[in-house]
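Below you'll find the structure I mean.
Please treat every number below as a calculation from the coordinates, not as lab data. These numbers come from a predicted model, not from an experiment. All Cβ positions, even for glycine, are placed from backbone atoms using ideal geometry, and neighbour counts span all protein chains on display.
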């Protein structure tokens, strides 16, 4: 009986690890696809760009802090790699 329980426990650990890895890979891939779709979005026609309203005012520091926290959470969850996190952080702080 102990051998059977050990085998069941080992199977549960392996299955749990495989599920966690699979979920992490799926989240990262979805993030990459979303970023790829954003970068491939067609640019609006020149006429509509001229009619577009002025850019919104620069966000205040509290919204930047909130966005940094969200980036940190995404990095912790494995959605963003270290390089992706640093790039997004640099862009956010540059505005």
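I'd like the FRET efficiency for residue 38 and residue 94, computed as 1/(1 + (r/R0)^6) with the beta carbon distance as r and R0 of 30 Å, rounded to 0.05.
According to the calculation, E is roughly 0.95.
Now for a separate question. Using a 10 Å cut-off around each Cβ, can you sort 39, 81 from fewest to most neighbouring Cβ atoms?
Arranged by neighbour count, lowest to highest, 39, 81 become 39, 81.
Full-extension gain between residue 65 and residue 30, please, as 0.36 nm times their residue separation minus the C-alpha to C-alpha distance.
10.1 nm
Mind sorting 10, 27 by how few other Cβ atoms lie within 10 Å of their own Cβ, fewest first?
Least crowded to most crowded, the residues run 10, 27.
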